[in-house]
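Presented below is the structure to which this report refers.
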Amino acid sequence: MSLGEHTSKQIIGTKGDSLKGRKIVLCITGSVAAFKSPEIARELMRLGAEVYTVMSEMAQVIIHHYLMEYATGNPVVTELTGKIEHVTLGGVHPDRADLVLVAPSTANTIGKAACAIDDTPVTTLLITAIGARIPIIKGRIQA
């Protein structure tokens, strides 16, 4: 049974088209500020972006991945599988992202990525995106 397009997609472009046609991966790490991630995702969508979410295990302790699936209308990457999600979203691939936004970003995650320690879905995606020369923005959220 197909239910069609997720209703959350209806907000895409309602505030402008400055991000129209852009694919943004929102990486969420284990900061208490993760509670603001749905708001960030939906604002990006209102500006025209398609948003995909990758969450660390600690981020999932703070907010449930179903919340981000609701917010974006897209499946959430909570673990890496044989589908090689990190390559599809952050590698040299036709469906790759235009930008990776890490918000909230913890020092732990940024430090791991800087040292090429890829032991979470977020750090693996970041390291893959660095290799594919995809721009990465580290965001700081005031909780």
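A few points about this structure:
- Gaussian network model of the chain, Cα within-10 Å springs - most flexible of Ala71, Ala59, Ala116: Ala116
- The residues Val100, Val32, Val87, when put in order of fewest to most other Cβ atoms within 10 Å, stand as Val32, Val87, Val100.
- Between Cys115 and Val61, the simple spin-label model (points 7 angstrom out along Cα→Cβ) gives 1.9 nm.
- Count, lysine Cα pairs under 28 Å in the chain, 8 or more residues apart or across chains: 20
- Relative contact order of the range 20-138, taken over Cα pairs closer than 8 Å and 6 or more residues apart, is 31 percent.
- Taking Cα centre as origin and charging only the Cβ of basic (Lys, Arg, +1) and acidic (Asp, Glu, -1) residues, the dipole magnitude of the chain rounds to 440 debye.
- Square roots of 5 times each gyration tensor eigenvalue, C-alpha, the chain, largest first, Å: 22, 17, 15
We did not get these values from a lab; they are worked out from the coordinates using the rules stated. Bear in mind the structure is a predicted one, so any value in this text is a computation, not a measurement. Positions of Cβ are backbone-derived with ideal geometry, glycine not excepted, and every protein chain shown enters the neighbour counts.
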